[in-house]
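The values are calculated or read from the model by the stated rules, or taken from the named source; none is laboratory data. All values reported here derive from a predicted model rather than from experimental measurement. A quick note on method: Cβ atoms are made from the backbone with ideal geometry, for glycine too, and the neighbour counts reach across all protein chains shown. Heavy atoms of the whole protein, side chains included, go into the accessibility calculation; ligands, DNA and RNA do not. Shrake-Rupley method; radii C 1.70, N 1.55, O 1.52, S 1.80 Å.
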There are 2 protein chains.
Amino acid sequence: MITFRRAQASDLPDIVAMLADDPLGAGREDASLPLAQGYVDAFNAIDADPNQLLAVAVEGGEVIGTLQVTFVAGLSRKGAWRGQIEAVRVAGHRRSGGIGRKMIEWAIDECRARGCGLVQLTTDRSRTDAHRFYESLGFTGSHLGYKKTL
Amino acid sequence: MITFRRAQASDLPDIVAMLADDPLGAGREDASLPLAQGYVDAFNAIDADPNQLLAVAVEGGEVIGTLQVTFVAGLSRKGAWRGQIEAVRVAGHRRSGGIGRKMIEWAIDECRARGCGLVQLTTDRSRTDAHRFYESLGFTGSHLGYKKTL
C-alpha cells in the first residue's frame, strides 16, 4: 500500500539520499549528515510557496520515492496553468516495480485538481529509459530543454 | 534605447498580441479585445507571485518584447534555485534585430541577481532558429522536454 503526501522536514535526509543515489546526481549532491544548509534552505523555500508541492511516496512508514511539482501561472494557451514535474526519484532497492508510474500518475492528478491545462517536465537526453517511460504515460517529447549554469 | 521592466496590467493586450503572432501561438491564443478572462486571471496570478517575473522590453514607449521568468526553489544541486524562462516573444516588426538576445541576457542577469545556480528553458523541437540562438547564448540542449495536455 503506497501512499503519497506532501514532504515534511523530517523526510529531507531520505529525499536527498535518493537525489544522490543516481548516475547524474552522484556528482552533484551531498547526502552526508547533517545535511548541507542549502538543502534546508531550499526545503523551507519550497514548503512556504503555495505553488510548490514537494511530495514523497511512502510504504510501511518508509519513504520510497519523491518528486516536486511547481504550479506555474502563465499567459500562454489563454492563461493556462502548468504543472511542472522535477526531481523524480525512486529509492534504489524499489526501482522497476511500477512505483515511478504511480508517482507520476498521482502528480498528474494533483495538476488536474489544481486546474492545470498542461503537465511538463524535462529529462536528460541520456536517460533513454525515462523517455520510454514518459511516452508510455502519454507525454510527448516535443521540446528541447536547454540549461545554462550560472 | 531598449529598457526592460516588470509588466503592468496595461501591457497585457500587447503581450497577448505577441504570443498570438507566432506560428505555434496562432492556433492557441486569442488576442481579440476585450481579452479573454483567462489572460486577466493569469496576469493577476503571475503579478501576485514573488517567484514570478513577467517582463516587457520597451523602446520609445512601445512594448516590443516579452518573456516570463519563474524562480524555482529545488533540492537538486544542493538546493540551487533555478530561473526558468518561458513565453519569449519579440514583436513581429522588430524581429532579427538583436532584441531577443538583449532580452535573454537581461533575464539571465535577473536570475543571477536572485542567486540562481541555473537557468533553464525549453523550446519546440521545430524551432531550429531558436536552438542556434540559445546555443550561441551559452545554453546546452542537454534535455528532452515532455508535455502532456490535460
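Tabulated data
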quantity	calculated
Subset of region A:57-91 [in contact (Cβ under 8 Å) with a residue 60 or more places away in the chain and of a type in the set (A, V, I, L, M)]	A:I64, A:A87, A:V90, A:A91
Of all residues in region A:8-61 being within 22 Å of B:D49 (Cα to Cα) and in a loop (DSSP other than H, G, I, E, B), the one that is most open to solvent (accessible area, probe 1.4 Å)	A:P50
Conditions (1) assigned to a helix (DSSP H, G or I); (2) at the interface with chain B (Cβ under 7 Å from one of its Cβ atoms); (3) without any contact (Cβ under 8 Å) to a residue 24 or more places away in the chain; (4) not aliphatic (A, V, I, L, M); number of the one not met by A:Y146	(1)
Filtered residues of region A:133-146 (kept if open to solvent by 20 Å² or more (accessible area, probe 1.4 Å) and under 22 Å from B:E135 (Cβ atoms))	A:S142, A:H143, A:L144
Pairs where the first residue, in region A:121-139, is on the phi > 0 side of the Ramachandran plot and the second is open to solvent by less than 80 Å² (accessible area, probe 1.4 Å), C-beta under 6 Å, 6+ apart	A:G138/B:K148
Of all residues making up region B:24-36, the number that are more than 16 Å from the chain's Cα centre (by Cα) and more than 8 Å from every other protein chain (Cβ to nearest Cβ)	7
Test: residue in region A:92-113 that is touching a residue at least 40 places away in the same chain (Cβ under 8 Å) and among the acidic types (D, E)	yes
Residues of region B:104-132 classified as surrounded by fewer than 17 Cβ atoms within 10 Å (Cβ to Cβ), more than 7 Å from every other protein chain (Cβ to nearest Cβ) and modelled with pLDDT of 95 or more, total	6
